[in-house]
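In what follows, a structure is listed as C-alpha cells, so that the remarks can point back to it.
The values are calculated or read from the model by the stated rules, or taken from the named source; none is laboratory data. All of these numbers come straight from a predicted model, not from anything done at the bench. For neighbour counting, all protein chains shown are included, and Cβ atoms are generated from backbone atoms with ideal geometry for every residue, glycine included. All accessible areas refer to the heavy atoms of the entire protein, side chains included, with ligands and DNA or RNA removed. Shrake-Rupley method; radii C 1.70, N 1.55, O 1.52, S 1.80 Å.
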Amino acid sequence: FRSREETTLTREHDAEDAPREATNEVGVELAQEEDTECEAMGPVDYAKHLCDKGELTKEQRGPVALVARDMQVVYKQEVARRANLTDAQRQSEGIGAAEHVTLPLKGRRLWLLLYGGGGCGKTRIINFVLAKLFRRFYGEKGLVLTAFSNKASRLIRGKTSHHLTKMRGGQSLTMARL
C-alpha cells in the first residue's frame, strides 16, 4: 500500500513539474518558434514543414496546400510592400526592420469547412497545421475555431458554433427568427 501511495505522489509531483504548453484565452496552443530555419519560411514552406512534422497523409495535405497557396500570394505582396516602405513609414506602422511578416487582417476572408468521416484526420489537420499556420501569419486574431458539437470544439480547442453566434437553447435559425 505504501509503494502505491509513493508512486501516486511522485506521478502527481511529476505532472506539476512538467512544462506546460502556452495557450491563449481560447485554449489554442501558441506556436513556439522551433528554430531559426522556420523564421524565414513563407506560408507554403512552413505548411510543408508542419505537415511533415504532423505526419499528414497525401489526402490530408490537400486542404492545407489550398490554403497555404493563397496565403503565399498575399505574403509575397506584403513582403514587396514592406520593401518599398521608408523608415518613417515602417515606424508609423509599427514594423521593425527584421520583424516577422504578418499578413493583413483586412481584405478577403477565408471560410474553411473541413468535413469527413470519423477518423479521417480533420482534428489532426487543424491542430497540427492550420491553427499554427494561421496564428503565425495572421496573429492571434487571425483564426476563429468553431465546431458544431461540444466534443469536436474541445478537440480543436475552439468554441461551438452556437456559442460563437450567441444562440441559446430554444432558438432556431428559421427565417422568421432571423
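Below is a table of values for the structure above.
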{"quantity": "Criterion violated by Gln72 - all others in (1) in contact with a Lys or Arg (Cβ under 8 Å, 6 or more places away or on another chain); (2) not in a loop (DSSP other than H, G, I, E, B) satisfied", "calculated": "(1)"}
{"quantity": "Total residues in the stretch 139-178, condition of a type in the set (Val, Ile, Thr) and either in a loop (DSSP other than H, G, I, E, B) or at pLDDT 90 or above (or both)", "calculated": "4"}
{"quantity": "Flag for Arg135 being on the phi < 0 side of the Ramachandran plot and open to solvent by 70 Å² or more (accessible area, probe 1.4 Å)", "calculated": "no"}
{"quantity": "Residue count, the stretch 74-103 (criterion: under 25 Å from Leu143 (Cβ atoms), surrounded by fewer than 10 Cβ atoms within 10 Å (Cβ to Cβ) and at pLDDT 85 or above)", "calculated": "1"}
{"quantity": "Meets criteria (modelled with pLDDT of 80 or more, open to solvent by less than 50 Å² (accessible area, probe 1.4 Å), under 18 Å from the mean Cα position of the chain (by Cα) and of a type in the set (Gly, Ala, Ser)) for Ala68", "calculated": "yes"}
{"quantity": "Meets criteria (touching a helix residue (DSSP H, G or I) at 6+ places or on another chain (Cβ under 6 Å) and under 20 Å from His163 (Cβ atoms)) for Leu113", "calculated": "no"}
{"quantity": "Filtered residue count, the stretch 59-94, keeping only those that are closer than 22 Å to Ala40 by Cα, of a type outside the set (Ser, Thr, Tyr) and without any contact (Cβ under 8 Å) to a residue 12 or more places away in the chain", "calculated": "14"}
{"quantity": "Any chance Thr146 is under 27 Å from Arg69 (Cα atoms), among the hydroxyl-bearing types (Ser, Thr, Tyr), open to solvent by 40 Å² or more (accessible area, probe 1.4 Å) and in contact with a Ser or Thr (Cβ under 8 Å, 6 or more places away or on another chain)", "calculated": "yes"}
{"quantity": "Complete set of residues in the stretch 49-58 that are in contact (Cβ under 8 Å) with a residue 60 or more places away in the chain and not aliphatic (A, V, I, L, M)", "calculated": "Cys51, Lys53, Gly54, Thr57"}
